[in-house]
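Encoded as structure tokens, the structure appears first; notes follow it.
Readers should treat all values here as calculations from the given coordinates under stated rules, not as data from a laboratory. This is a predicted model, so every value here is computed, not measured. Positions of Cβ are generated from backbone atoms using ideal geometry, with glycine treated the same way; all protein chains shown enter the neighbour counts.
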């Protein structure tokens, strides 16, 4: 059993003088979507209260705009009036009732705002917004500063323990601090001192209205990852000004949203950017917070032990498990539901206007509506299939008190997760499998592996749940039975020997995963890259001599282990359906490795020469050793049909219910919801 003695740094209090934080965990800001509507604040309060009860030291809300100009989108979160205080008091009261502390993040979108009223230091349009901002006049700059001050005063009145002033990730303050957007020649632009005056005035005046006994976190962009971003000396100067202006804590920001370097996806090494925080820490005399890809207590402990920071910020890991800190303290670290940094239900939802949640924890942001309450009458339930849907249902249902038997025809649990964990950059799916394995044992699920189920096996159960997954879709191409042709399951499950020249038919999520797998040498894992290897591949300057951390630094990706063609019939660009926040990484990673991507392909035949195709009426021969079929899936409903013939009713979940690109988010969510309802 691990106890708090195993994580002495992580679980030690941080004394700020006027207040004490009970441990070194900051739940970093993450926009959930619940902030945007007053009617959703009871849900937001429950969301934060559950994490406060889980013993998080300090939490930060999603970004709250200080005025309409700063909206991230029309009618999104904003605090401008005392009329809005009652909803915020729901949040602060709920957190304080659980012994927690919470700060409100003040975030002005600037040119990242997705509406026509956006403003910026200069009229330079962002590549991630269709709206060109209006350049602020001198009076306009002053109005924005006053809006931050007003929001701070209102936050204090609402009962928040502090505010976080968002000066990072390319939002308005960051737009003032770098020459990338700030082209002004007045007192708000030009020299570093002038460019940082906007931030200095905001922090100084916010401190004046807040008083000395109020937390002010300043989130500083320590690595812009833009070629015309700030250099290190400018970052240090800005950190010192934040300190002298009245900041209590200095939080780390890494990369602008428009930067083309991954910072939080699974393929980024754990704790990949703590070295930046370690560099700033000796330059200031206030506690420093580090962030990005910290998802286990052991990693957080090591970061603090070696002195990289005074606190660690984790946002998505506390979506995945609200009891992360409590489990760490109680010696149950092996029971933590680990964030796998997939972004599929959190950031991907946020950037398309959906309510945030979590792939491995569908209760996140649904704490008032999806609850796993003890049952009044336990039932005997059979679950067929131990993939994500079956595992989610079995563990939740058994945790509620049902008697659950889980049948799996293979020798291990996991289903298609066992393929996913082999994809370079998705290795952390194995952590989810380890969590589910533990939950099966802890909740007393009767697991029966290597058992092919018949309808007779299921006759005695009160409820039957089928989670039999999917089968690869068959396609018709002349020569489809040629020995060169293999399915994606053969490649990933059986790890069969694949030649040096490969054509992949299908450029959806599976096609990209197979291309990533085959582009790496066997046994080479992206997430096992060292910090130095990752930096070299993506062009990050670890010496911090380059402006923005990337100028004049040429990316040096390793070459692909094979010559690969990734093909699709559709005329859209390959990878269009990939995740909003990670798709560009997959596309760029494969381009780095020289993978050929072709759209609008007609497949004519496969023979000893290779794959014959036509692209825009031009016939081509791809002289390949293998053709891998990744052309989608169909639901595996054979058992469901057999049960129906024998008069046995059943619930069908996951891929067996809807085949859609091996959608674990859908499978786990549907399994959990059904288990909560029975």
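When only Cα pairs under 8 Å and 6 or more residues apart are kept, what is the percent relative contact order across segment 4-350?
Dividing the mean separation by the residue count of segment 4-350 yields 16 percent.
Sort 166-176, 362-372, 251-261 for me by packing, meaning the mean count of neighbouring Cβ atoms within 10 Å per residue, highest on top.
166-176, 251-261, 362-372
Could you tell me the calculated FRET efficiency between residue 139 and residue 15, based on Cβ-Cβ distance and R0 = 56 angstrom, to the nearest 0.05?
Approximately 0.85, to the nearest 0.05.
Would you kindly state how much longer the chain becomes between residue 283 and residue 678 on full extension, computed as 0.36 nm times their sequence separation minus their alpha carbon distance, in nm to one decimal?
Going from the current span to full extension adds 136.5 nm.
Just the C-alpha atoms of segment 4-350: what Rg/Rh do they give, with Rh taken as the Kirkwood radius? Mind dumping the intermediate values first?
On the way: Rg = 18.7 Å, Rh = 19.9 Å.
Ratio of gyration radius to Kirkwood radius for segment 4-350: 0.94.
Using Cα pairs closer than 8 Å and at least 6 residues apart in sequence, work out the relative contact order for segment 360-477, in percent.
34 percent
Could you grab the relative contact order for the chain? Cα pairs under 8 Å, six or more apart, rounded to a whole percent.
That works out to 12 percent.
For the Cα atoms of the chain, what angle does the longest principal axis make with the long axis of helix 85-97, in degrees from 0 to 90, nearest 10?
Tilt relative to the chain: about 70 degrees.
If you wrap a convex hull around the C-alpha atoms of segment 421-523 and split its volume per residue, what is the figure in Å³?
It comes to 168 Å³ per residue, whole-number rounded.
Report the FRET efficiency, 1/(1 + (r/R0)^6), for residue 552 and residue 257, where r is their Cβ-Cβ distance and R0 is 25 Å, rounded to 0.05.
0.65
If packing is taken as the average number of other Cβ atoms within 10 Å across a peptide's residues, how do 70-78, 328-336, 610-618 rank, most packed first? Mind showing how you got there, number by number?
On the way: 70-78: 20.2, 328-336: 18.0, 610-618: 15.2.
For the peptides 70-78, 328-336, 610-618, the packing ranking is 70-78, 328-336, 610-618.
Round to the nearest 10 and give me the degree value, 0 to 90, for the angle of helix 664-677's Cα axis relative to the longest principal axis of the chain.
90 degrees
For helix 388-400, what angle does its Cα long axis make with the longest principal axis of the chain, in degrees from 0 to 90 and rounded to 10?
Around 70 degrees separate the two axes.
Suppose R0 equals 60 Å; then what is the FRET efficiency for residue 368 and residue 191 from their Cβ-Cβ distance, rounded to the nearest 0.05? Display every interim value, and only then the final one.
Details: r = 51 Å, r/R0 = 0.84.
About 0.75, to the nearest 0.05.
Assuming a ≥ b ≥ c are the square roots of the Cα gyration tensor eigenvalues, decide whether the chain counts as rounded (a/c under 1.5), prolate (otherwise, with a/b larger than b/c) or oblate.
It is oblate, given that a/c is not under 1.5 and a/b is not larger than b/c.
Using the number of other C-beta atoms within 10 angstrom as an exposure proxy, rank 678, 347 with the fewest first. Don't skip to the answer; put the middle values down first.
On the way: 678 16, 347 22.
Listed from fewest to most nearby Cβ atoms, that is 678, 347.
When a footprinting reagent is the concern and you count Cβ atoms within 10 Å, what order do 204, 92, 177, 452 take, fewest first?
Ranking 204, 92, 177, 452 by Cβ neighbours within 10 Å, fewest first, gives 452, 204, 92, 177.
Take peptides 181-188, 472-479, 538-545 and line them up by average Cβ neighbours within 10 Å, highest first, as a rough protection proxy. Could you put the intermediate results ahead of the total?
Working: 181-188: 16.5, 472-479: 13.9, 538-545: 18.2.
Ranking the peptides 181-188, 472-479, 538-545 by packing returns 538-545, 181-188, 472-479.
Under a point spin-label approximation (7 Å from Cα along Cα-to-Cβ), what is the residue 620-residue 354 distance to one decimal in nm?
Modelled inter-label distance: 3.4 nm.
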